[in-house]
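To start, the structure itself, in structure tokens.
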Amino acid sequence: LENLQPEIKKLAERLRYEVSVRGKQVGWSEKVARFHFKKNLRRIITELYVRDNCHPFKATLLVWVQIPMWVCVSLALRNCSVGATNSEVQEQFSAGGALWFTDLTAPDSTWILPVLLGLVNFLIVEV
């Protein structure tokens, strides 16, 4: 989208000139000329998006999929560790950790995992 901005600006200036010339020939009012300019500019921008396959909605699509997925996975993990009614599942989680987190049902008192997860997500966003 950023790479298209100079081309869109150039096409908008040319379209503004063409609409003003056509408006003077036909006798359009300022309001009618503005309407035709906006309508044609939207059409041109849509054609550029189709040509370069870069619709703005595609940039937000990941967010609309990622946030519900994150919520569902978080709730599933919470229900597995805390809300499990089967005592066998509780025992497996309480003895199945590694390194400094040997009990997966207990909160991380060192905050290493939450901070590490936040840093990794920050790096992913920045890269």
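Take the conditions open to solvent by less than 60 Å² (accessible area, probe 1.4 Å) and either modelled with pLDDT of 85 or more or in contact with a helix residue (DSSP H, G or I) (Cβ under 8 Å, 6 or more places away or on another chain) (or both) and apply them to Phe93. Does it pass? Criteria met by Phe93.
Trp64 satisfies every condition listed in (1) part of a helix (DSSP H, G or I); (2) open to solvent by less than 100 Å² (accessible area, probe 1.4 Å) except (2).
Contact map, the stretch 106-122: residues that are among the hydroxyl-bearing types (Ser, Thr, Tyr) paired with residues that are open to solvent by 70 Å² or more (accessible area, probe 1.4 Å), Cβ distance under 9 Å, separation 6+ or inter-chain. Pairs shown: Thr110/Trp100.
Does Ala59 satisfy being within 30 Å of the chain's Cα centre (by Cα), at negative phi and assigned to a helix (DSSP H, G or I)? When the stated conditions are applied, Ala59 passes them. When the residues of the stretch 48-61 are filtered to those that are surrounded by 14 or more Cβ atoms within 10 Å (Cβ to Cβ) and out of contact with any Pro (no Cβ under 9 Å at 6 or more places or on another chain), which remaining residue is modelled with the highest pLDDT? In this case the residue turns out to be Leu48. Has the stretch 26-47 got at least one residue that is aromatic (Phe, Trp, Tyr), open to solvent by less than 80 Å² (accessible area, probe 1.4 Å) and assigned to a helix (DSSP H, G or I)? The answer is yes; a qualifying residue exists.
Pairs meeting the criteria (first residue in the stretch 47-76 and without any contact (Cβ under 8 Å) to a residue 60 or more places away in the chain, second residue open to solvent by 60 Å² or more (accessible area, probe 1.4 Å), beta carbons under 6 Å, at least 6 apart or on different chains) are Tyr49/His55; Cys54/Leu1.
The values are calculated or read from the model by the stated rules, or taken from the named source; none is laboratory data. In this text, all values refer to a predicted model and were calculated from it rather than measured experimentally. Positions of Cβ are backbone-derived with ideal geometry, glycine not excepted, and every protein chain shown enters the neighbour counts. What goes into the accessible areas is simple: the full protein's heavy atoms, side chains included, and nothing from ligands, DNA or RNA. Shrake-Rupley method; radii C 1.70, N 1.55, O 1.52, S 1.80 Å.
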